[in-house]
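Below: the structure, in structure tokens.
The values are calculated or read from the model by the stated rules, or taken from the named source; none is laboratory data. The shown structure was predicted, so the numbers you read here are calculated from the model rather than taken from an experiment. Every residue, glycine as well, gets a Cβ built from its backbone with ideal geometry; the counts of neighbours run over all protein chains shown. Areas reflect the complete protein model, heavy atoms only, side chains present, ligands, DNA and RNA absent. Shrake-Rupley method; radii C 1.70, N 1.55, O 1.52, S 1.80 Å.
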Amino acid sequence: NAGVTQTPKFRVLKTGQSMTLLCAQDMNHEYMYWYRQDPGMGLRLIHYSVGEGTTAKGEVPDGYNVSRLKKQNFLLGLESAAPSQTSVYFCASSRAEASRETTQYFGPGTRLLVL
Amino acid sequence: EDKVVQSPLSLVVHEGDTVTLNCSYEVTNFRSLLWYKQEKKAPTFLFMLTSSGIEKKSGRLSSILDKKELSSILNITATQTGDSAIYLCAVVPNSGYSTLTFGKGTMLLVSP
């Protein structure tokens, strides 16, 4: 049981390049999330998904797209990377709203540097 | 818009000291408040506090939710160097899909 995994761990991009970050979870969780973490800013929600085939915008969605083609995978895409997207990206997953006791489990993060 | 404010932003203590971290929040229809510990990588879950569970304890760590003051504290007694981390507070509204609003975190450094 690997929990939540992210690929790649680190990436350097040039401005304008595109890339996809992959998140996978093996806990059969319905909900998945993408956050970015910047110094002094805490964690901010980019996009999230409440089930296969569904996605929704979070707090800072601009410049990103997501897809949830399979329940266990949540992809985050950058179509044209900008230096402002330099950050650490975390994926998380959680059970569906079956009860009030629901917490999110986080992946190890992807460090992205856009030059 | 939901809001979470943590204080202090950073803190340095000596091993063995007791520390208290603060979290205040503004959220529409509060559901729960979570504390996470973040060392080098992913945040790891510590506690969840809800209207039905306003106090939690695990070893040297404990947390209390004050629903009247819209705040929570995280206490760590007999601190150890392994407690050095960023402590994150997040709230979950009673609507939507468990989307968390995080504070900026408190960076705790425990010196030997």
**Request:** Just one of (1) surrounded by 13 or more Cβ atoms within 10 Å (Cβ to Cβ); (2) under 28 Å from residue B:106 (Cβ atoms) trips up residue A:22, so point out which.
**Result:** (2)
**Request:** Please specify each residue of the range A:1-50 satisfying the condition of being in contact with a strand residue (DSSP E or B) (Cβ under 8 Å, 6 or more places away or on another chain) and free of Cβ contacts under 8 Å to residues at least 12 places away in the same chain.
**Result:** A:42
**Prompt:** Mind checking whether some residue in the range B:92-102 is touching a Ser or Thr at 6+ places or on another chain (Cβ under 7 Å), aliphatic (A, V, I, L, M), crowded, with 21+ Cβ neighbours inside 10 Å and more than 14 Å from chain A (Cβ to nearest Cβ)?
**Reply:** no
**Request:** Give the range B:11-36 a look and list any residue that's open to solvent by 20 Å² or more (accessible area, probe 1.4 Å) and at pLDDT below 90, or say none.
**Result:** B:27, B:28, B:29, B:30, B:31
**Asked** What strands (runs of 3 or more DSSP E), lying completely within the range A:1-40, carry at least 2 residues that are away from chain B (no Cβ under 12 Å) and of a type outside the set (Val, Ile, Thr)?
**Response** A:10-13, A:19-25
